[in-house]
Amino acid sequence: MLARRKEKHQTQKKTPEQLATEALAGTGTAQWTVAGGGSVTRDGQNVTSTYAAFEVILNSGTTKAYSTKNGGGLFDDNGTWSFAGTNFDKFILTGVKPAATREISFTQTGTTLRFDFRIPVPGARMDGTSSLSGNYTFTLVKK
């Protein structure tokens, strides 16, 4: 009987992928936003005002869908996401906008989620009169 209890306890332990998925998307969906305490920097410069209304919704289901609002030309409106590699500390978004197909590092602490990613010059389409290239840090708060 002790062996059964131990076995049951072991099967309930979450995998690194499950823990990383919950950090990003909770156990269903999670909505993260800049508004209400978040910030955005590009190459160390504060550009929060450009992305003040940015929101991302990440789904933890088998399709791993995402949607964004007010992505400032960086993010597609929707698509799917997947982990990059087996460390489960980076993910990739599908789409055609500059942030798509880039490895996005993430760190979740309490109700804060931080994204770090780089848009290289060849992949940075012009948005009006300025390039979107640079090193970005999005600090998002749970909505």
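How large is the dipole of the chain about the Cα centre if only Lys and Arg carry +1 and Asp and Glu carry -1, each at its Cβ, rounded to the nearest 20 debye? Write out the running numbers ahead of the final one.
Working: 17 positive and 11 negative charges, 130 e Å.
It works out to roughly 620 debye.
Over segment 2-142, how many pairs of lysines fall under 17 Å by alpha carbon, counting only those 8 or more apart in sequence or from different chains? Please report the intermediate quantities before stating the final value.
Details: Lys6/Lys14; Lys64/Lys90; Lys69/Lys97; Lys69/Lys142.
Close lysine pairs under the 17 Å cut-off: 4.
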Would you pull out the residues with amide H under 5 Å of Gly38's amide H, same chain only if 5 or more places away, H placed 1.01 Å from N?
Val141
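Could you state the orientation-averaged shadow area of the convex hull built on the Cα atoms of the chain, in nm² to one decimal? Mind showing how you got there, number by number?
On the way: hull surface 38.7 nm².
Convex hull of Cα atoms, orientation-averaged projection: 9.7 nm².
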Measuring from the longest principal axis of the C-alpha atoms of the chain, the long axis of helix 16-25 (C-alpha) lies at a number of degrees, nearest 10, equal to 50 degrees
If amide H atoms are built 1.01 Å from N in the plane of the peptide, which residues on other chains or at least 5 residues away come under 5 Å of the amide H of Asn78?
Thr68
Pop a pseudo-label 7 angstrom from the Cα along the beta-carbon direction at both Ala84 and Gln12 and give the gap in nm to one decimal.
3.6 nm
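Taken together, the values in this text are just the output of simple stated rules run on the coordinates, not laboratory data. What you are looking at is a predicted structure, and each value in this text was computed from that prediction instead of being measured. A quick note on method: Cβ atoms are made from the backbone with ideal geometry, for glycine too, and the neighbour counts reach across all protein chains shown.
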